[in-house]
1. Pick out the one residue from ILE33, ILE28 that is open to solvent by less than 10 Å² (accessible area, probe 1.4 Å) and within 11 Å of the chain's Cα centre (by Cα).
2. Can you name every residue in region 1-31 that is among the aliphatic types (A, V, I, L, M) and closer than 20 Å to ALA59 by Cα?
3. Please go through region 345-402 and give me each residue that is within 30 Å of PHE332 (Cβ to Cβ), part of a helix (DSSP H, G or I), β-branched (Val, Ile, Thr) and under 22 Å from the mean Cα position of the chain (by Cα), ordered by number.
4. Can you tell me which residues in region 149-162 are in contact (Cβ under 8 Å) with a residue 60 or more places away in the chain and either assigned to a helix (DSSP H, G or I) or open to solvent by 10 Å² or more (accessible area, probe 1.4 Å) (or both)?
5. Would it be correct to say that ALA284 is assigned to a helix (DSSP H, G or I), buried (at least 16 other Cβ atoms within 10 Å of the Cβ) and in contact with a Cys (Cβ under 8 Å, 6 or more places away or on another chain)?
6. Exactly one of (1) over 26 Å from ASN370 (Cβ atoms); (2) open to solvent by 10 Å² or more (accessible area, probe 1.4 Å); (3) at pLDDT 95 or above is unmet by VAL264. Its number?
7. With respect to the numbered conditions (1) touching a Pro at 6+ places or on another chain (Cβ under 9 Å); (2) more than 17 Å from ALA193 (Cα to Cα); (3) part of a loop (DSSP other than H, G, I, E, B); (4) not aliphatic (A, V, I, L, M), which one is the sole condition not fulfilled by ASN40?
Amino acid sequence: MLEIIAKRKFSLNDQLDFSIFCGDKNPIHVDKIVARRTLNGQCIVHGVHALLWALDCLAKAKDITAIKLKTKFIKPIFLDEEISCFWDSQKKQLSLQADGVLLASISITIGLINSNTESQIEIYPAREKPLELTFAECLDITGHPFKILGDITLAYKLFPNFLSAYGMVIAAEIGGTSQIVGMECPGLHSLFASLKIDLNDKISSNFESNYEVQGEERFSLLNITIKGSAITAEVEAFYRPAPTINQPLSEIAPRITKGEFTGVRALIIGGSRGLGELVAKIIAAGGGIPIITYNVGKIEAEKLAEEIVQSGRKCEIMQLTVERDIAPSLDFSFNQLYYFATPKILGKRSKDFDKTTLNQYQEIYVDVFNLICRKLIDQNHQCSVFYPSTIFIDSPSPEFEDYVKAKIEGEKLCETLNQSEILKVISVRLPRLATDQNQSMFKMKFENATDVLIPLIRQM
C-alpha cells in the first residue's frame, strides 16, 4: 500500500546546513551562480540529503529502520519545490516525488539497528573547495582513507529521528559518501547516481575505513566501494561535463579583419558567457565596442571585459535583468542588438514545473524581446537585431516541446518586426554548438561556434 508520510521543500539554507554537516560543499548544491552553468542550470539537492531525510521520515512515521538499502537518484531535486515522501509497505520502498514525477527510489530491507551512539568519531577539517580530478586520476584511487569531514552535530537538527534510530556513526558515514563524491572523487564535476548500503552488524572502532574506485570512461561512470566502521557502500557517480570554455580573444582576433567593425556599438544581452561572450570578442577584435550585459554573472562579465581591455580594445558592461519593465534600463546608445537572454533549457518534468518553464520561455524569448524592439521602433532608433533561434525546430523532440513552441513564436515576431523600416532583424536557426545549454552526459558532436558566428555578425 502506497501512502504519503511527509512533505517538504528544500531551501538553500537547508543545503548549506547539510554541506556543513557532511563536508560536501560542491557548488552544484550551494552556489546559485556557479550552478547555473551546470547540466540543470540551478542548484540541486544533495542526493544523500534527500535519502537521509526520507529515512528520518520513515523512522518517525512508521518506526521502521533499514539494515540494507538501495537508492536510485532518478531526477534532480530542485530547491523550493514541494517534495512528497511515499512509503510502499508491500514493496518495502520509499519514493520521493514532485507533482507525481519520481525523483528517487529507496528499496530497503527492514531490520533492527545495533547503533552505538557512544562510539568515538574522529573528525577531520572539511575541504573548502572540491578537487577537480581527471577520470584517469579517479581510477588510480585504491585504499584511500574514508574520513569524516564536517560538523556532524548538525544531525541533531537535520535528522533527529534518524539519529535516534541509527546513531551518530551511521549518520556521519552515510553523509560521508556525499563528501567523497562531491569533494574528492570525482569532486567538482560529479553527479551522484545510486547508492547501495549494508549496515554492519557491529560498529568497529579499530577498522581502517577506506574506499577504492573503478569505472568506465566511455560511460563517464565511476563505481566507488566504501568500507566504513558502520557501513559498507557501493556508489555509482557520473563524471559530468565541465562548463564550456570559449576561445580566448587572442585566438579569435587573427580571423577578423582589423577595423571591420569600427563604428559598431553592440548591446549584447546575455553577453557575459556562452555565445554572447564570443560575439563580444569578435566585435571587439574588429574594432567595435561590445556592451556586455549580465544578470547575476558580474564576475564573469568583469573577467571578459578585462580580457578585451587588456588587449587594447574597448568594452563596457552593465547589469540587466530581462523582465517586462526592461525598457527604462536601456539608453539605446547602440546600433546593434544581440539577444542571447535565455533561461536554462530543460526537458519536461511535471505539470506545474512545465507550466512555469513555458511561461518563462514565453516571457524571455517573445514578450521582453518584443518590448525592446517596439521601444526601438517607437523612438525611430535604427538598429540591426540578432535573434538566435534553434535547429530543434526542424526536428522537434517532445521533451523540448515548450522551448520549441516559444522559439517558433519568436521567429514569427521577427518576421513582423522586419516589416518596420527601422529594424533589420536577423533570425537564424543555430546548429548544436558547444555551450553550457547543450551540455550532456553523452558525447556529442558540436559545430564550432566561432565559425558559425563570424559570418552572422558580418551580416549585421
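1. On the way: ILE33 fails: open to solvent by less than 10 Å² (accessible area, probe 1.4 Å).
One residue alone meets the criteria, ILE28.
2. First, the residues of region 1-31 that are among the aliphatic types (A, V, I, L, M): 1-2, 4-6, 12, 16, 20, 28, 30.
Within region 1-31, MET1, LEU2, ILE4, ILE5, ALA6 meet the criteria.
3. ILE364
4. First, the residues of region 149-162 that are in contact (Cβ under 8 Å) with a residue 60 or more places away in the chain: 149-152, 154-155, 157-162.
Listed by number, the residues that qualify are LEU149, GLY150, ASP151, ILE152, LEU154, ALA155, LYS157, LEU158, PRO160, ASN161, PHE162.
5. Yes: the conditions hold for ALA284.
6. Checking VAL264 against (1) over 26 Å from ASN370 (Cβ atoms); (2) open to solvent by 10 Å² or more (accessible area, probe 1.4 Å); (3) at pLDDT 95 or above, the one that fails is (1).
7. Failing condition for ASN40: (2).
Table: residues versus (1) more than 30 Å from GLY286 (Cα to Cα); (2) touching a Ser or Thr at 6+ places or on another chain (Cβ under 6 Å); (3) surrounded by fewer than 20 Cβ atoms within 10 Å (Cβ to Cβ).
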site: GLY187; (1), (2), (3): yes, no, no
site: GLY215; (1), (2), (3): yes, no, no
site: ILE224; (1), (2), (3): yes, no, no
site: ARG240; (1), (2), (3): yes, no, yes
site: ALA253; (1), (2), (3): no, no, yes
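The values are calculated or read from the model by the stated rules, or taken from the named source; none is laboratory data. The shown structure was predicted, so the numbers you read here are calculated from the model rather than taken from an experiment. Please note: Cβ atoms are built from the backbone with ideal geometry, for glycine as well, and neighbour counts cover all protein chains shown. When the accessible area is computed, the model is the full protein with side chains, heavy atoms only, and any ligands, DNA or RNA have been set aside. Shrake-Rupley method; radii C 1.70, N 1.55, O 1.52, S 1.80 Å.
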